[in-house]
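The values are calculated or read from the model by the stated rules, or taken from the named source; none is laboratory data. Since this is a predicted model, take the numbers as computed values, not measurements. In this analysis, Cβ positions are derived from the backbone assuming ideal geometry, glycine residues included, and neighbour counts consider all displayed protein chains.
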Amino acid sequence: MRRHFPFPTRTARVARPGLDRAITLGVACALAAFALLLPVRSSAQTRDLSTQGQLLDRIAAIVNTGVVLQSQLNERVNQVISELKAQGLTPPAQSVLRKQVLHSLIIEQVQLQRAQQDGITVSDDTLNAAMQSVAARNGIPFADLPSALEQQGINYADYRSQMRDQLIIGLLRERDVLQRIVVTPRQIDQFLAREANAPTAGEEYDVSHILIAVPPNATPAQLTAARTLADKVDALAKAGKNFGKLAVTYSSSADALKGGNLGWRKGIDLPTFLTAVVPKLRPGEVSAPIRTPSGFHIVKLNHVRRQEHKDIVAQVHVRHILLIPNALQDNATVRERLEKIRSEILAGKLKFSVIAASVSQDPGSASHGGDLGWASPTDYTPRFAAAVQKLKIDQISQPFQTRYGWHIAELLGRRQFDETKQMKRLHAMEAIRASRADEDTELWLQRLRDEAYVKILSD
């Protein structure tokens, strides 16, 4: 069976209870390719370039101070074609597909440039955690991921580079869109009340959509043109034309190259403008065009399912001591110091909570005697979680290193915990944000694109 290695397209979700929490996301479908125009002689002899140099690449578009290369465009087009065929979709004409892919690459370049300006980066630990997640979802050991990618013609180094880019874009969106959506406790209470009384509270919907974008300050002529195109696409969809292919061809949405698919959403988790529309559709039915600030949306309901579950999670209760190497104490010195502290705790000469409060350099837990409270092992960095997972109750680990420094950890307990109530409130907050995020993201991307200098040289 062919393994599927998508690239990140979802927003990073970050939580931090004391140490660090995992960043959960999907994985992206484009490889960055870089080439140069290499003259044989010095730059003073540019007039000889046509005969003395070798053209390795061309520029497809200039984006502010950066470029999109033809090699990138060609590579992405090939990947999108492969992805569409894997979904059972027939790709549109090459000219249409290249235009859509180039638009996607330009938007990607604009976001990466903004992130670079603002100093947004992704550490190697975070990147490795995302790569491990990809390997786990495909049922292979992390060490086998490079060879598995190679079998599909994907260069591992390029894959890591593109994944880092997509994680950075996710963090930028988290900061500029999601974190600006304020959710109050009253809104959460109202959401839960509506959900409890909703006849479709347990139903989830697989939805696809097409966005015919409208500029923020559109003229009457632009509005008329957009409405005409929306009506045309709607008529084609209702006539039975493949909705995914129509999305790839006409949609301006960020998910256009995925056939416009939004995935499975609870009815109450749908974008706000769809919550009253989608539950009324039958599977396979297409809505009339819906006007929003970003443009006209045409929506298709693919499937409906009922989903009920409890959030029972395995949790661990851990305390730790963290020491951070510096110019005066290198890794070996810090590790040796922790080994001595561990020995003295085991010998009864020191009390874990007392010495943690005295020497631990984790500001979030030191004042509590190093206690991190109850949490899921997956809430911690992979190395910390792996060290804790090996411990028996009341056992203290040997010193181990994470990106934060060196630790010793003691496992105080394990339990199966019903987080249903807490998770309902968390899910409610996320659903409220998500219901606004889709539309806010489209407007944000339009604004970034309008503020950028873009010159298309070839599509």
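Brief remarks on what is shown
- Selected residue (only one of Q111, Q100, Q87 is touching a Gly at 6+ places or on another chain (Cβ under 9 Å) and closer than 29 Å to A60 by Cβ): Q87
- Any hit, the range 394-413, residues being free of Cβ contacts under 8 Å to residues at least 40 places away in the same chain and within 31 Å of the chain's Cα centre (by Cα): yes
- Just one of the listed residues (R319, R306, R342) is basic (K, R) and surrounded by 21 or more Cβ atoms within 10 Å (Cβ to Cβ), namely R319.
- Residue count for the range 245-270 satisfying the condition of being among the aliphatic types (A, V, I, L, M) and free of Cβ contacts under 8 Å to residues at least 60 places away in the same chain: 2.
- Matching residues, the range 246-262, being modelled with pLDDT under 90 and part of a helix (DSSP H, G or I): A256, L257, K258
- Filtered residue count, the range 91-120, keeping only those that are over 12 Å from I169 (Cβ atoms) and β-branched (V, I, T): 3
- Those residues of the range 227-245 which are loosely packed, with under 15 Cβ neighbours inside 10 Å and either touching a Leu at 6+ places or on another chain (Cβ under 8 Å) or under 21 Å from Q94 (Cβ atoms) (or both), in sequence order: K241
- Residues of the range 383-395 satisfying the condition of being surrounded by fewer than 19 Cβ atoms within 10 Å (Cβ to Cβ) and either part of a helix (DSSP H, G or I) or in contact with a helix residue (DSSP H, G or I) (Cβ under 8 Å, 6 or more places away or on another chain) (or both): R383, A386, Q389
- Selection over the range 416-441 of residues that are farther than 18 Å from R265 by Cα and touching a Leu at 6+ places or on another chain (Cβ under 9 Å) gives a count of 1.
- Test: residue in the range 132-144 that is part of a helix (DSSP H, G or I), more than 20 Å from Y404 (Cα to Cα) and at pLDDT 90 or above: no
- In the range 184-200, residue surrounded by the fewest Cβ atoms within 10 Å (Cβ to Cβ) [restricted to those that are among the polar types (S, T, N, Q) and at pLDDT 75 or above]: T184
- Residue in the range 223-233 that is acidic (D, E) and under 22 Å from P283 (Cα atoms) present: yes
- Answer residue from the range 407-433, given it is among the charged types (D, E, K, R) and surrounded by 14 or more Cβ atoms within 10 Å (Cβ to Cβ) and is nearest to A332 (Cα to Cα) among those: E410
- Residues of the range 361-378 that are in contact with a Ser or Thr (Cβ under 9 Å, 6 or more places away or on another chain), of a type outside the set (A, V, I, L, M) and crowded, with 17+ Cβ neighbours inside 10 Å: G369, G370, D371.
- In the range 271-310, residue nearest to P215 (Cα to Cα) [restricted to those that are in contact (Cβ under 8 Å) with a residue 24 or more places away in the chain and among the β-branched types (V, I, T)]: T292
- Residue that is surrounded by the most Cβ atoms within 10 Å (Cβ to Cβ), among those in the range 110-123 that are assigned to a helix (DSSP H, G or I) and either under 16 Å from the mean Cα position of the chain (by Cα) or aromatic (F, W, Y) (or both): Q111
- Of all residues in the range 112-130 being among the charged types (D, E, K, R) and out of contact with any Lys or Arg (no Cβ under 7 Å at 6 or more places or on another chain), the one that is modelled with the highest pLDDT: R114
- The criterion of being part of a helix (DSSP H, G or I), of a type in the set (S, T, N, Q), at pLDDT 50 or above and closer than 30 Å to R403 by Cα does not hold for Q100.
- The lone exception for G53 - which of (1) at pLDDT below 80; (2) surrounded by fewer than 16 Cβ atoms within 10 Å (Cβ to Cβ); (3) within 20 Å of L167 (Cβ to Cβ) it fails: (3)
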